[in-house]
Amino acid sequence: MQHDLRLRAAARAVYDAVYPTDELAPVGFDQAEQYGTIHYRRCIEAARACFFMKADKGEQLPLI
């Protein structure tokens with residue numbers, strides 16, 4: 001699934017924060033994205049939630 005670059009960067013930041021080491025990460029972010037793992041999908045949901053919360057307040061997200 002293709003996302004805009006800001007959403008993908010936000011999802012990667014969430015993924016890296018939740019799975020900071022190889023021991024915790026089931027696979028790397030790129031592989032998780034490729035296979036659409038549950039971990040990847042949850043990171044996308046978290047990133048979208050951040051975008052929507054900012055949009056509801058009328059704030060603009062900074063470029064990542």
In nm, give the distance between the simple-model label positions of ASP16 and GLN31, each being 7 Å from the Cα along the Cα-to-Cβ direction. 1.9 nm
Rg [Å, one decimal], Dmax [Å, integer] - the range 5-52, C-alpha atoms: 9.9, 31
Output ordering of 23-29, 9-15 (per-residue mean of other Cβ within 10 Å, highest first) is 9-15, 23-29
Find how much the distance from ALA46 to LEU5 grows on full extension, using 0.36 nm per residue of separation minus their present alpha carbon separation; answer in nm with one decimal. 13.2 nm
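Quick note: the coordinates plus some simple rules give every number you see, no bench work behind them. Nothing here was measured: the structure is a model prediction, and the numbers come from that model. Because the Cβ atoms are built from the backbone with ideal geometry, glycine has one as well, and the counts that use them run over all protein chains shown.
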